[in-house]
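What follows is a set of notes on a single structure, which appears directly below.
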Amino acid sequence: MSSLPPTSAEDARWLARCLELAREAAAADEVPVGAVLVVDGVVVGEGRNRVEERQSPFAHAEMEALQQAVQVLGAKRLPMATLYCTLEPCFLCAGAVLHARVRRVVFGARDPKFGAVRSLGSVLEDPRLNHRCEVLEGVEAEASAELLRAFFRGKRGGNGGAAGGGAGGGGSRVGS
Ligand SMILES: [Zn+2]
């Protein structure tokens with residue numbers, strides 16, 4: 001039923017799917033971040049980081065999932081949707097979440113270098129905004145963070161160590 005909040009088992013299940021997408025990103029030599037958008041227990045959008053593939057600083061996992069959902073549903077707003085992602089959304093993606101009126105965001109690890117939800121700001125819960133989002137963090141946080149650490153460990157030596165840790169959905173690699 002759409003009126004019932006998802007259980008934590010459901011949250012963990014969707015985060016596990018996000019982790020699969022993040023692993024796909026890593027396999028394609030992209031910073032491993034994955035995202036899934038769910039409405040009433042059904043996936044309406046999926047995405048992974050494609051900053052390198054698209055050579056676009058905006059090709060974040062969350063953006064891809066949101067854009068897909070907008071297309072699939074033919075709606076410019078997603079008030080019943082929950083966005084799941086492995087990493088704390090950046091300012092770009094948090095802004096997109098607000099514009100799309102997403103109801104809820106569940107993420108894994110914090111991003112101390114780009115996170116706009118808890119780390120560097122609380123964009124989704126600002127009382128001055130006319131839309132606020134329910135936020136849950138820390139689901140599969142360790143697995144999400146370990147994927148990123150492993151990715152950057154692998155990079156180290158290759159390009160002198162890309163920013164180590166804070167992925168920003170790919171943004172932090174720009175300066176590396
Ligand atoms: Zn982002």
Q. Can you name the residue in segment 65-101 that is assigned to a loop (DSSP other than H, G, I, E, B) and within 21 Å of residue 140 (Cα to Cα) and, of all such residues, is farthest from the ligand (Cβ to nearest atom)?
A. 88
Q: Could you tell me whether segment 131-139 includes any residue that is hydrophobic (A, V, I, L, M, F, W, C) and more than 15 Å from the chain's Cα centre (by Cα)?
A: no
Q. Restricting to segment 102-125, what's the tally of residues that are aliphatic (A, V, I, L, M) and either more than 13 Å from the ligand (Cβ to nearest atom) or under 13 Å from the mean Cα position of the chain (by Cα) (or both)?
A. 6
Q. Quick check: is even one residue across segment 155-164 more than 12 Å from the ligand (Cβ to nearest atom) and at pLDDT 95 or above?
A. no
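The values are calculated or read from the model by the stated rules, or taken from the named source; none is laboratory data. Note that this is a predicted model, so its numbers are computed, not measured. Every residue, glycine as well, gets a Cβ built from its backbone with ideal geometry; the counts of neighbours run over all protein chains shown.
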